[in-house]
Structure formats: C-alpha cells, structure tokens
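What follows is a set of notes on a single structure, which appears directly below.
The values are calculated or read from the model by the stated rules, or taken from the named source; none is laboratory data. Keep in mind that this is a model prediction, so the values were computed, not measured. Don't worry about glycine lacking a Cβ; one is built from the backbone with ideal geometry, like all the others, and counts go over all protein chains shown. The area values use the complete protein model at the heavy-atom level, side chains included, leaving out ligands, DNA and RNA. Shrake-Rupley method; radii C 1.70, N 1.55, O 1.52, S 1.80 Å.
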Amino acid sequence: MQIGLLGKANVGKSTFFSAATQTSVASGNFPFTTIEPNVGVAYVKADCACKHFGIKHENDYCINGTRLIPVKLIDVAGLVPGAHEGKGLGNQFLDDARQAEVLIHVVDIAGTTDIQGQPVPAGTHDPLEDIAFVQDEFDQWFADILKREWDKITREIDQKRAKLTDGIAKRFTGLGIKDFQVQEVLQKLGLMARNPKEWKDSDIQTFVKELRKNTKPMIIAANKADLCTDLSIIDKISDCVIPCSAETELLLRKASKAGIVNYSSGDTGFTIPNGKEIPPPQRKALDLVKSVFSKIQSTGIQKILNTAVFDSLKFIVVYPVEDETKLTNKDGVVLPDTKLLPLDSTAKDLASLIHADIAKGFLHAIDCKTKQRISGDQKLKNGDVIKIISTLSHG
C-alpha cells in the first residue's frame with residue numbers, strides 16, 4: 001500500500017509527512033522502517049478483530065481495540081509547473097507518483113502562498129488554482145503517454161493485432177493501470193465502439209482525465225484550515241477534501257511523546273495528565289491547539305489517511321492466522337498480522353499476498369469467526385480472520 005503526498009513549496013507538505021510518520025509506536029516492529037528518506041511509515045486505524053472475540057492483547061499494534069496498520073507514505077518531490085515535461089525535478093516527481101495507488105494533495109487552503117510557493121498575505125492566493133494546476137499536470141502526463149503511441153495503437157487495431165482496450169492499457173502498465181480500468185472508462189465515455197482514427201484531441205483529453213480520476217484518486221488535504229478566514233471555499237472543490245492542520249498534529253504528537261498530553265491521532269481533543277505542571281509557553285501553545293479543534297474538530301491527518309485507504313481505494317482489513325482456535329501465528333502471537341486488500345478480494349488473493357508458495361498449494365481456507373471452510377474464490381469481508389490451508393507452507 002503506497003500513498004503519494006503532493007504539494008508545492010511552503011504549504012505544509014513536509015510538516016504533514018513528519019506528523020503522519022512520527023509515531024510513539026515501536027516502529028522497529030513494522031516493515032519499511034529503514035528506507036530512503038522520502039519514504040516513511042504512516043498508520044491507518046481500524047477496529048481490531050480482538051473486539052469481535054472479546055479478547056485483550058494490548059501491544060504495539062493494537063491499542064484499546066484499535067488496530068494500527070502500516071502504510072507507505074511517499075513524499076513526492078519536484079512538483080512545479082511543467083513537471084510532466086521533466087522540468088525541475090519533474091522526472092523524479094513522475095517516478096514517485098507512478099508508485100502511488102492514491103494521492104494526497106496538500107493545499108494551503110488559507111491562501112498564504114502563491115502559485116510558486118512564496119509567502120503572501122492570507123487569503124490573497126486562490127487555492128483552487130493549485131488544485132487545478134496539479135490535476136492539469138497529471139492529465140498532461142497521461143495525455144503525453146497516449147499521444148506518443150497513438151499512431152502505433154491505431155495501426156495495431158487496424159491490423160487486428162490488438163483491441164482498443166489492450167492497446168491503450170499496454171501504454172499505461174508502468175503506472176499500474178489495469179485493462180479493466182481502461183475498459184470501464186472507455187465504456188463510460190461511449191468510446192468503445194469508436195474507431196481510434198476518429199478520435200479528436202478533445203476525446204483523448206476527456207479520456208485521460210477520467211482515467212486519471214479512476215486510477216490515481218486524489219484527496220485534497222486542506223491544510224492551514226485553522227488560518228482560513230472563509231472555509232466555505234471547500235464547498236467549491238469537487239474532489240474529496242478534508243480540512244486539516246498538520247502543524248497542530250505534529251505539535252500534539254511531540255507533546256504526547258514527551259508525556260505532556262494524552263493524545264492519539266484522530267482524537268477530537270487532548271487531556272493533560274493528572275498533576276502535570278505545564279510551563280506558560282507550552283500552555284499558550286496548547287490553548288492555540290484548543291482553538292484549532294474548536295474550528296475544525298480534529299487535526300484531520302488521521303481522517304485523511306483513513307479516507308485514502310478505506311474510502312478512495314475501498315480496501316478492507318483481513319487478519320491471517322496459523323492457528324484458527326487460538327488466533328495465533330506459530331510463535332503464539334495473537335492476531336499478529338494485518339493485510340490490506342482491495343474490495344472483492346478472495347481467499348486465494350490473500351494466500352498470494354502472504355506467499356506465492358502458499359497460493360500455489362492452496363486447498364481451502366477457514367473463516368475463524370464462523371469456523372466454516374471457505375473456497376479459494378470466496379470473497380473476503382472487512383475484519384475477516386482467515387487461516388489458509390495449503391500443501392506448501394512458507395518458512
């Protein structure tokens with residue numbers, strides 16, 4: 001699971017990245033803890049399956065029945081006008097964006113930075129321009145990929161060496177785009193029956209825009225929302241948009257780590273531990289935090305991450321175990337692992353995600369909640385706890 005984080009200079013993208021990836025959880029217990037600097041680990045939250053079974057197993061990955069599930073957050077560098085043409089760090093930008101399954105675009109909703117990311121008085125820049133600029137960069141990137149190969153595609157179809165869906169999908173495999181996604185867009189726009197030779201430039205633009213929306217969903221992180229004088233601007237944004245304050249989240253995470261406050265990402269407030277003396281400068285900072293909560297209810301960071309994974313991508317959480325009775329792995333750890341899977345994934349898909357050998361020797365699976373045997377093509381549900389029975393085991 002890879003989430004791309006976009007944003008021009010000075011909008012708070014780095015603060016968002018730091019706030020989302022700095023955590024009091026023992027990060028050594030999770031994958032991706034030692035990787036390149038622009039990639040970090042963030043966590044989405046879901047109800048742990050321990051609640052269903054009425055068992056307690058408090059540890060680093062389950063806190064009060066809330067499961068922390070690691071996801072990879074890529075800080076996508078090089079977003080400048082003309083990035084799709086390779087300007088600035090454009091090639092790096094495209095390479096990082098290519099890897100992401102969903103994108104979070106951090107926007108200065110208070111309008112305190114111009115299109116180049118230079119500071120300006122609050123409200124003097126229109127954040128809707130930033131949103132349109134990023135969407136345009138992606139649309140032009142997609143269009144360039146298609147236009148470069150368009151003559152070749154039309155020849156392949158003419159010579160019956162390829163169908164329209166296959167011809168287009170082949171050009172987008174590097175972006176992780178699948179045949180069925182291309183077909184869905186072609187059908188939606190009524191382009192399936194049209195000879196590609198008859199396509200106008202406007203048809204290509206309409207097609208790539210729809211393909212980008214479907215395959216690289218984007219969430220607008222309306223950052224600095226606490227500084228915005230008129231939050232009704234959010235109503236003008238057609239994409240999924242969530243107001244947030246990355247600076248407030250980072251402050252609270254640091255304060256929580258230092259034991260100054262009790263706070264967990266996603267909370268709608270914080271508490272001060274009994275008997276804790278707070279020096280005046282820190283108390284003043286916490287008063288400012290309270291005013292942020294009074295305006296936007298939460299810092300928004302956790303909501304954005306959860307929305308990206310569970311709403312935009314519609315992923316589900318599944319718990320693979322090796323002992324269906326004790327709900328443990330071979331070392332006796334209760335509910336040791338979580339897997340994020342696309343909606344409509346099957347038991348066989350889960351086996352493939354665990355290890356190719358297990359999928360190869362797949363016999364059946366057991367739904368640990370119902371104790372029933374399920375077949376490989378059985379669709380899994382969010383929160384399922386599954387044991388895979390295979391002729392081949394890994395390790």
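For the reader, a short list of remarks on this structure follows.
- Test: residue in the stretch 248-269 that is over 30 Å from I153 (Cα atoms), loosely packed, with under 12 Cβ neighbours inside 10 Å and of a type outside the set (S, T, N, Q): yes
- A132 vs. criteria open to solvent by 20 Å² or more (accessible area, probe 1.4 Å), of a type in the set (G, A, S) and at pLDDT 90 or above: yes
- Among residues of the stretch 345-363, those that are assigned to a strand (DSSP E or B) and either out of contact with any strand residue (DSSP E or B) (no Cβ under 8 Å at 6 or more places or on another chain) or surrounded by 15 or more Cβ atoms within 10 Å (Cβ to Cβ) (or both), counted: 2
- The stretch 232-251, residues that are out of contact with any Ser or Thr (no Cβ under 8 Å at 6 or more places or on another chain) and either of a type in the set (S, T, Y) or at pLDDT 90 or above (or both): S232, I233, I234, D235, K236, I237, S238, V241, P243, L251
- Flag set for T299, criterion: closer than 23 Å to A46 by Cα, part of a loop (DSSP other than H, G, I, E, B) and in contact with a helix residue (DSSP H, G or I) (Cβ under 9 Å, 6 or more places away or on another chain).
- Breaking point among (1) on the phi > 0 side of the Ramachandran plot; (2) surrounded by 15 or more Cβ atoms within 10 Å (Cβ to Cβ); (3) at pLDDT 85 or above; (4) not basic (K, R), for N64: (2)
- Residues in the stretch 75-103 that are in a strand (DSSP E or B) and either open to solvent by 20 Å² or more (accessible area, probe 1.4 Å) or in contact with a helix residue (DSSP H, G or I) (Cβ under 6 Å, 6 or more places away or on another chain) (or both) were compared, and the one that is modelled with the highest pLDDT is V102.
- Among the residues of the stretch 113-147, the one identified as aliphatic (A, V, I, L, M), assigned to a loop (DSSP other than H, G, I, E, B) and either closer than 14 Å to G7 by Cβ or within 24 Å of the chain's Cα centre (by Cα) (or both) is I115.
- Top-ranked residue in the stretch 182-216 [being outside any helix (DSSP H, G or I) and open to solvent by 20 Å² or more (accessible area, probe 1.4 Å); ranked as modelled with the highest pLDDT]: L189
- Pairs with Cβ under 7 Å, 6+ apart, first in the stretch 194-209 and closer than 14 Å to Q140 by Cβ and of a type in the set (K, R), second modelled with pLDDT of 90 or more and open to solvent by less than 90 Å² (accessible area, probe 1.4 Å): K209/D139
- Residue identified as open to solvent by 20 Å² or more (accessible area, probe 1.4 Å) and in contact with a strand residue (DSSP E or B) (Cβ under 6 Å, 6 or more places away or on another chain) among K330, K371, K314, K387: K387
- Of all residues assigned to the stretch 271-292, none qualifies as being loosely packed, with under 14 Cβ neighbours inside 10 Å, in contact (Cβ under 8 Å) with a residue 40 or more places away in the chain and within 15 Å of Q22 (Cα to Cα).
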